[in-house]
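Below: one structure, written as structure tokens.
The values are calculated or read from the model by the stated rules, or taken from the named source; none is laboratory data. As the structure is a computational prediction, the values presented were derived from the model and not from experiment. All Cβ positions, even for glycine, are placed from backbone atoms using ideal geometry, and neighbour counts span all protein chains on display.
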Amino acid sequence: MLNVVIFGAPGSGKGTQSEFIEKKYGLVHLSTGDILRAEIAKGSEIGKIADGLISRGEFIPDDLMISILNGTIDKYPTSKGFIFDGFPRTVAQAEALDSMLKRRNIRVTLMLNIDVETNELVKRLLNRGKTSGRSDDNLKTIHQRIQVYETKTLPVIQFYDRQNKHHRIKGTGTMDEVFADICAAIDSVYPTKTNV
Ligand code: AP5
Ligand code: MG
């Protein structure tokens, strides 16, 4: 089973690249941001909690996020593998992901860290905000999201470094160029011939 953690700052291209990976490798794409936005749209209890936090650029509490993800994985018992997009975002979430996969006798295959400098992130998100309708694509919340990323999420890189699973991907250049680097990283640890 191929299980990919796609990691990076807000606007680094996690969602964009996840869609390409999903198509090429036939994996299930789990975006915690998308899951939460769907709960907000439904007006569920989880959505009510998530709404204000997302608009302010703050994280949903670890326990809640972990239990949502755990329940979501169970919806895909025949999956060939998963793309975890936007999770883990804290070291506690990374530890929880390892445990929840271990209970199912699977593991994270590799972590792709899409690296994009801050000015470019802000530019991309402001541009997306013109049409996205996302409550967090405004300058104030973008700055807050980047700050929270730097304090709470960056330590997750060391977590995967220690497991020799961390692959840095240059996130600038065209989407196709970024994807080519991602495929090279995946294929280096998970050759296509075993991907059947
Ligand atoms: P989430 O939805 O995950 O948002 P994010 O991490 O802030 O990232 P984005 O979705 O904004 O960007 P992306 O990296 O997917 O980039 P994209 O491909 O869209 O999370 C939202 C919120 O939910 C969080 O702030 C938090 O509140 C909560 N949350 C989610 N997960 C959580 C968790 N695990 N724990 C706690 N809370 C959680 O690309 C961005 C733009 O750039 C697009 O317009 C795209 O077209 C463009 N672009 C992409 N690639 C390129 C390229 N190569 N060149 C030029 N433009 C490009
Ligand atoms: Mg995204």
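Given the criteria part of a loop (DSSP other than H, G, I, E, B), at negative phi and in contact with a Leu (Cβ under 8 Å, 6 or more places away or on another chain), does Arg107 qualify? Walk me through it before giving the result.
Working: part of a loop (DSSP other than H, G, I, E, B): yes; at negative phi: yes; in contact with a Leu (Cβ under 8 Å, 6 or more places away or on another chain): yes.
Against the criterion (part of a loop (DSSP other than H, G, I, E, B), at negative phi and in contact with a Leu (Cβ under 8 Å, 6 or more places away or on another chain)), Arg107 qualifies.
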Exercise. In the list Gln144, Gln158, which residue meets the criterion of being farther than 24 Å from Lys23 by Cβ and without any contact (Cβ under 8 Å) to a residue 24 or more places away in the chain?
Worked result: Gln158
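Quick test for you: out of Thr151, Thr109, Thr118, pick the one residue that is more than 17 Å from the chain's Cα centre (by Cα) and either modelled with pLDDT of 95 or more or under 19 Å from Phe87 (Cα atoms) (or both).
Thr118
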